[in-house]
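Note sheet for the following structure.
The values are calculated or read from the model by the stated rules, or taken from the named source; none is laboratory data. All figures in this text were calculated on a predicted structure; none of them were measured in a lab. All Cβ positions, even for glycine, are placed from backbone atoms using ideal geometry, and neighbour counts span all protein chains on display. With ligands, DNA and RNA removed, areas are computed over all heavy atoms of the protein, side chains included. Shrake-Rupley method; radii C 1.70, N 1.55, O 1.52, S 1.80 Å.
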Amino acid sequence: MSETLSTLGCHAALAEIPIEIPPRPEFGDIAIVAARLMRACGGVVKSPKELAVRLGNALEGVEGVGKVEVKGIYVNIFIDREWYGRRLLEHLRKSGDSYGIIRDLEGTRFVIDYVSLNPVHPLHIGSGRNAALGEFVARALEARGAEVSRRYYVNDLGLQVAYMVYGYRASRKVRPPEGMKIDHYMGIVYAAAATAVELEQVRKQLEEARQEGGERYRELLRKADELVAAIAELRHKAPETVEAIIEAVKKEDDPEAAVRKVLADLEFMRDEELVVIAREAVENVLAGVRETLERLGISMDAYDWESDLVREGLVAEVLEKARRSPYYIIYKGVPALDVRKLAENKELRRRLRIPEGLEIPPLILARSDGTTLYTTKDIAYTIKKFRIFNADQVINVIAVEQTLPQAQVRLALYAIGHGREAENLIHYAYEMVTLPGGGMKGRRGRYVTVDQVLNTLEAHVRAELGETGREMNDEIVKAVARSAFKYMMLSTSPLKPLIFDYYKALDIRSNSAPYIMYTYARTRGIFRNLGRDEPEWEKAEPRNLEGDLWRLVYLLGKAPLDVSKALRELRPEDLITAINEIANLFNSWYSREPIIRESDEGYREFKVAVTWAVSKVLENAMRVLGLDALEKI
RNA sequence: GGGCCCGUGGCCUAGCCAGGAUAAGGCGCCGGCCUGCGGAGCCGGAGAUCCCGGGUUCAAAUCCCGGCGGGCCCGCCA
């Protein structure tokens, strides 16, 4: 193509040639918009129409080109379909099972940090989105040949954990309600502590504000009402536990200070008993989280504890490096890194992928009681992630709301002399999941958990199976439910907020993981009936390449491009679009064309080869998306 | 107040970065197809000011500017 153009006096690399797929089949298989080539052909021709005519003539007889039609500024090319069919067969045969996947990351190493939710409540649908996306990223990189380490950051020294530990200590004598999953229970403990402390706080403020009255007073009253309502909800779920926590909070002179003391005692390991209690509390949550992840078909390679970073001295190391850095300042009385000057450097900003207009405030490293902040420990953790796995890149799957702290971490790494880490730390951001009525509130114990969704989904699938009178199989039910969940989380661009709608989540048709799974099982069924796993390649004869079959063959031919693009750009929604298109076409072709019963042997084997390709493309894509590719469904 | 992201039939989503012909898919709605290799399927139909207004261009859902609407961030939380 490029050569053909240069005979016309145009100079464009192949990648620059504006090839596109026409909107209607009558306009050919591919088209070139001559107008867009005018620049490359500068001065050679007068008008786009003239260029189209000359280009059309030049393309006649080129290998693979069947027919050329020029329509105004468009050069419509009809591919030599048999030629294309033969080339597809060659490709399929050569690439075998891995058709559609390009291994361009062989020899590279990645750490993917995902899920990593605060260990104070169960996986909710927000962290469910995180889990599905992170797993996709990990699998996409693995498919491309990279070595991947899946790591979960156990953030056990944060303020939230301090609340949970405070509540857990206060309610240790109480047994969790019968049958409640342990992480769900810990979620209540955390929310009860956080809410009770806040309520005490508000009560005090109310007393002070009572005399003045006015807007502030009414505002506080509203807030108190909300908190009381939240407590009531929690009490309903675990009465004794919540009572015990409220009692403890009431006894405190300053409940908030009590929690902060827990935080400091944990970070400085000043209270051995407390450290043990905290470990137990966090382990409880993690046990539940692990179980849920298992239901989703996700298993982490490592759980890295924040407290270990402190114990191993990595956090102290970071503080020391920061102190020696030229960007070190005392800001509002606490140690900080003033990376604003660094952020002014445009070239550096670009290299560290800091969003253009993002204003970077100084990064505070420690509280006035000496405890360090999440971001400080995250700097230490990033260094550890690179070190421990000898990683080329570290990808953090974290919600978009943390864009600023993530940018600060990169700048801080650079500031303390870890430029390589800074440049290779990727924030894979995704938008929030919200409920139709508004956001979820972990602090109040209001969220929809992944467990709940999976339970309902499984029940729904069972009901559906009952209707179709199929064999009831627990494994299949679970596989369909978790695939439907992941599909729902992956089919929308990560950049779009997701409004979680129970009604829609249960609609397993619109949410068509089962459709893809069904189509795949159908292709497998054909090979089962055929009694072999592969086409007889030498016998396959491309024939009757028109209609659905041609479109399917055409699509299968470019599937490796579509798939590899989605994997390179880490866009699950593109992968889903691509396989949906293929599944659609296959089903519609299948419904009216016999495959096994095709009498012409050469044609039959070609059909079998097409089915084989559909099967492989679906299977490989499903693996990356984390959907179960079942033989039977 | 500043910044980032999103706005596409009743609902959800793709297309936008790399501008091109009649805007694609799903749900829902209406109407068809089971003695056939799997009906969780297939075929057909109705349904759209591509948020609004300017600009650039032969050509704008797509690029630029200005609005409007929604989400998020701007903490000694994460």
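Here are the numbers for the structure shown:
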read-out: Distant-in-sequence amide H partners of A:TRP305 (H built 1.01 Å from N, under 5 Å); value: A:VAL154
read-out: Degrees, to the nearest 10: A:159-170 long Cα axis against longest axis of chain A; value: 50
read-out: Low-density loop positions, GluC sites (Glu not before Pro), segment A:288-324 - DSSP coil, at most 16 other Cβ in 10 Å; value: A:GLU312
read-out: Heavy-atom accessible surface of segment A:23-151: percent carbon and sulfur, 1.4 Å; value: 49
read-out: Nearest 10 degrees, 0 to 90: helix A:48-59 Cα axis against chain A principal axis; value: 70
read-out: Within-11-Å neighbourhood charge of A:TYR328 [Cβ basis; K, R +1; D, E -1]; value: +1
read-out: Carbon and sulfur %, accessible surface of segment A:372-413 computed with the full protein complex present, 1.4 Å; value: 53
read-out: Helix axis angle, A:81-95 relative to chain A longest principal axis, alpha carbon, degrees; value: 50
read-out: Residue-count net charge about A:ASP156 - beta-carbon cut-off 12 Å; Lys, Arg +1, Asp, Glu -1; value: -3
read-out: Relative contact order [Cα under 8 Å, 6+ residues apart], segment A:32-149, whole percent; value: 20
read-out: 1.4 Å probe accessible area per residue over chain A, in Å²; value: 45
read-out: Segment A:423-528: trypsin sites (Lys or Arg not before Pro) in DSSP coil with no more than 16 other Cβ atoms inside 10 Å; value: A:ARG470, A:ARG509
read-out: Percent accessible area from carbon and sulfur atoms, segment A:259-354, protein chains only, probe 1.4 Å; value: 50
read-out: For A:SER116, distant residues with modelled amide H under 5 Å away; value: A:TYR153
read-out: Cross-link pairs A:LYS377/A:LYS486; A:LYS237/A:LYS441; A:LYS94/A:LYS616; A:LYS565/A:LYS607; A:LYS384/A:LYS496; A:LYS261/A:LYS441 - those with Cα-Cα distance over 21 Å; value: A:LYS377/A:LYS486; A:LYS565/A:LYS607; A:LYS384/A:LYS496; A:LYS261/A:LYS441
read-out: Cα-only Debye scattering, segment A:130-185: base-10 log of I(q)/I(0) at q = 0.30 Å⁻¹; value: -1.16
read-out: Cα-only radius of gyration and Dmax that characterise chain A, units Å; value: 29.8, 95
read-out: Cα convex hull of segment A:302-454, projected area averaged across orientations, nm²; value: 11.5
read-out: Cα-derived Rg to Rh of segment A:437-573, Kirkwood definition; value: 1.07
read-out: Of every Cα-Cα pair in segment A:418-512, the percent that sits beyond 24 Å; value: 37
